Amino acid sequence: MHHIVQFLQTNGGELLYKTYEHITISLIAVILGVLVAVPLVVVLTRMKNGAGTIIGIVNIIQTLPSLAILAFFIPLLGVGKVPAIVALFFYSVLPILRNTYTGIRGVNKNLLESGKGIGMTPAEQVRLVELPLAAPVIMAGIRTSTIYLIG
């Protein structure tokens with residue numbers, strides 16, 4: 001126990017800084033994943049044929065360990081925060097993409113028809129009907145992605 005206390009006294013500041021750095025890198029990757037995955041899913045739900053292919057490609061990327069993805073980007077981007085963020089971004093996309101797709105596809109079609117009936121444009125339907133109703137499922141994907149990345 002004495003060794004742990006001594007280690008924390010000696011290196012506590014650096015340990016806190018590295019923890020902060022790790023969480024920051026993970027959160028940046030998740031935010032980038034949301035910014036890419038959610039609009040991509042909105043487009044995919046409008047294309048009936050391409051959704052399966054794109055989700056399949058993202059599933060393949062998810063099977064690769066995050067360390068292997070990082071090792072792939074090191075020769076291209078060097079060592080540091082940028083390749084880590086890029087690798088974690090690719091790793092973060094699948095849970096967000098899958099849950100957003102599930103959430104939007106699960107919106108009651110009668111509600112979409114009602115929105116259309118009151119004169120909503122397709123963009124308004126997405127913004128005011130689909131995304132709010134799918135928000136709990138989307139947030140579950142974001143939460144899962146965040147846990148993957150921080151872990």
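The values are calculated or read from the model by the stated rules, or taken from the named source; none is laboratory data. Everything numeric in this text was worked out from a predicted model, so none of it was measured. Glycine also receives a Cβ, built like all others from the backbone with ideal geometry; neighbour counts cover every protein chain displayed.
Restricting Gly103, Gly56 to residues that are among the small types (Gly, Ala, Ser) and surrounded by fewer than 16 Cβ atoms within 10 Å (Cβ to Cβ) narrows the list to Gly56. So, Ile25, is that one in a helix (DSSP H, G or I), touching a helix residue (DSSP H, G or I) at 6+ places or on another chain (Cβ under 9 Å) and closer than 12 Å to Leu149 by Cβ or not? So Ile25 passes the test.
Condition (residue is at pLDDT below 90 and farther than 24 Å from Thr45 by Cα) applied to the range 118-132: is it met by at least one residue? No - not one qualifying residue is present in the range 118-132.
Restricted to helices (runs of 4 or more DSSP H) entirely inside the range 57-151, those with at least 2 residues that are of a type outside the set (Lys, Arg) and closer than 30 Å to Tyr20 by Cβ are 66-77, 81-105, 131-150. Here Val86 passes the criteria (1) over 27 Å from Arg127 (Cα atoms); (2) over 15 Å from the mean Cα position of the chain (by Cα); (3) buried (at least 17 other Cβ atoms within 10 Å of the Cβ) except the one numbered (2).
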